[in-house]
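First comes the structure, then the notes that go with it.
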Amino acid sequence: MSCSTQKPKPPHFITTADYTAEQLLDLVNRAIQFKVESKYNHPQPRTERPLAGKTMALLFSKRSTRTRVATETATAYLGGHAMFLGGQDIQLGVNESLLDTSRVVSSMVDGIMARVGGHEEIETLAKESAVPVINALSDKYHPTQILADLMTIHEFIHHRNNNVTGQYTAHTQHPRETLKGLKVAWVGDANNILQEILVAFPKVGISVAAAAPAGYTCDEDVVAIAQADAAKTGATVLFTTKPEEAVKDADIIVTDTWISMGQEEEKAKRLAEFAGYQVTMDLAKRGGAKPNWVFMHCLPRKPEEVDDEVFYSERSLVFPEAENRKWTILSVIDALLVRGGI
């Protein structure tokens with residue numbers, strides 16, 4: 001008689017498309033609890049260190065500010081150690097394949113946060129890894145960013161509904177109570193941020209209107225997921241080439257870089273094609289955004305994408321949005337490495 005010693009596949013976080021609305025909202029809610037615990041119960045020390053003695057590998061083939069800082073501080077908050085492995089630090093892509101690297105690294109650590117190029121790379125990494133893998137960005141999806149966006153939108157709506165002004169304060173309201181029925185306008189490239197928005201926002205009842213120049217389109221499977229989710233929740237999904245049409249009745253206007261890493265040679269062409277897509281107060285007014293609309297951007301930002309008047313205004317949520325990367329990544333790490341799944 002033989003006994004199987006094959007271990008079960010570890011849980012991963014590759015895209016929000018893999019999870020239900022309740023699972024995503026619960027992740028955001030857990031992030032809110034961590035934020036309250038850390039920022040507003042301070043200086044009461046955290047006694048739980050569930051990742052003590054454990055290591056999170058940060059396997060990054062691209063530069064990172066928010067994701068790296070968020071992951072390192074989140075891992076430390078849970079008592080673990082984050083090990084940054086940049087493109088110049090290891091043999092990946094030089095003398096060793098992604099498959100081999102995945103098997104070797106995952107045999108020595110307890111989790112992997114990976115920023116890659118093609119989406120097939122994160123899928124290969126997850127398939128071969130013996131430990132949970134979190135997608136820190138691929139060319140198709142950016143799930144931890146969109147969790148932070150959901151948290152930021154929730155905080156804004158909570159504070160608006162409760163007449164809270166100024167700096168955000170502690171609260172514990174569940175995001176299932178605030179997000180349904182909102183409209184997000186996207187003005188920019190049909191990139192991985194928009195694609196992650198499409199597989200997450202309609203699922204939780206947020207309508208999406210996306211404006212991109214002709215020829216800039218999302219993957220067909222992403223569009224199909226968005227439309228199917230919208231049909232279930234009553235949200236709407238609209239694609240247009242006119243920014244004014246996208247921002248009509250919008251609660252939130254969102255954009256991102258027009259020139260992602262690796263597209264620098266296309267800069268002149270893209271700048272010409274995105275003429276008229278800069279987010280401005282005038283664009284919001286012409287298009288008929290809601291009077292209390294707010295602005296979001298995952299950063300880093302370039303002036304051609306959004307002018308200073310909007311970016312540094314009271315409408316801008318970009319800096320709370322950046323901070324919330326920490327709390328949502330903390331929530332994902334806690335789910336996968338501490339609680340065993342989402």
Over 23 Å (Cα to Cα) among 35/248; 180/290; 7/54; 183/326; 39/290 -> 35/248; 183/326; 39/290
Simple spin-label estimate for residue 314/residue 290, 7 Å along Cα→Cβ, in nm, reads 1.8
Taking R0 as 56 Å and r as the Cβ-Cβ distance between residue 174 and residue 214, the FRET efficiency 1/(1 + (r/R0)^6), rounded to the nearest 0.05, comes to 0.85
Ranked by GNM mean-square fluctuation in the chain (Cα springs under 10 Å), the top entry among 111, 87, 53 is 53
GNM of the chain, Cα pairs under 10 angstrom: of 25, 137, 271, the biggest fluctuation goes to 271
Of the convex hull drawn through the C-alpha atoms of the stretch 16-141, the volume per residue in Å³ is 118
Rounded to whole angstrom, the alpha-carbon centroid of the stretch 94-113 lies from that of the stretch 260-320 at a distance of 38
Mean projected area, convex hull of alpha-carbon positions in the stretch 109-244, reported to one decimal in nm², is 10.5
A correct fewest-to-most ranking of 216, 277 by other Cβ atoms within 10 Å would be 216, 277
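As a check on your grasp of the helix formula, calculate [θ] at 222 nm for the chain: sum -39500 (n - 2.57) over DSSP H runs of n ≥ 4, divide by the residue count, round to the nearest 500. Display every interim value, and only then the final one.
Values: 12 runs with 127 residues, N = 342.
Per the formula, -11000 deg cm²/dmol.
Taking a cut-off of 25 Å, what percent of all Cα-Cα pairs in the chain are separated by more than that?
Details: 30343 of 58311 pairs.
Percent of Cα pairs beyond 25 Å in the chain: 52.
Counting only Cα atoms, I'd like the Rg/Rh figure for the stretch 197-329, Kirkwood definition for Rh. All intermediate terms of the calculation are to be shown ahead of the outcome.
Details: Rg = 15.0 Å, Rh = 15.8 Å.
Across the stretch 197-329, the Cα-based Rg/Rh ratio is 0.95.
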Cβ-Cβ cut-off under 10 Å around residue 19, Lys and Arg +1, Asp and Glu -1: the net charge is -2
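Cut-off is 10 Å between beta-carbons; in what order do 258, 186 appear when sorted fewest neighbours first? Could the numbers behind the result be given before it?
Details: 258 23, 186 29.
Ascending Cβ contact count within 10 Å gives the list 258, 186.
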Residues other than residue 99 with Cβ under 12 Å of its Cβ, Lys/Arg counted +1 and Asp/Glu -1, net out at -4
Stretched fully, the stretch from residue 48 through residue 33 gains (0.36 nm per residue minus C-alpha distance, one decimal, in nm) 4.0 nm
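Any read-out appearing in this document is the output of simple, stated calculations on the displayed coordinates, not a laboratory observation. What you see is a predicted model; the values in this text were computed from it and never measured. Reconstructed Cβ throughout: ideal geometry from the backbone, glycine too, with neighbour counts over all protein chains shown.
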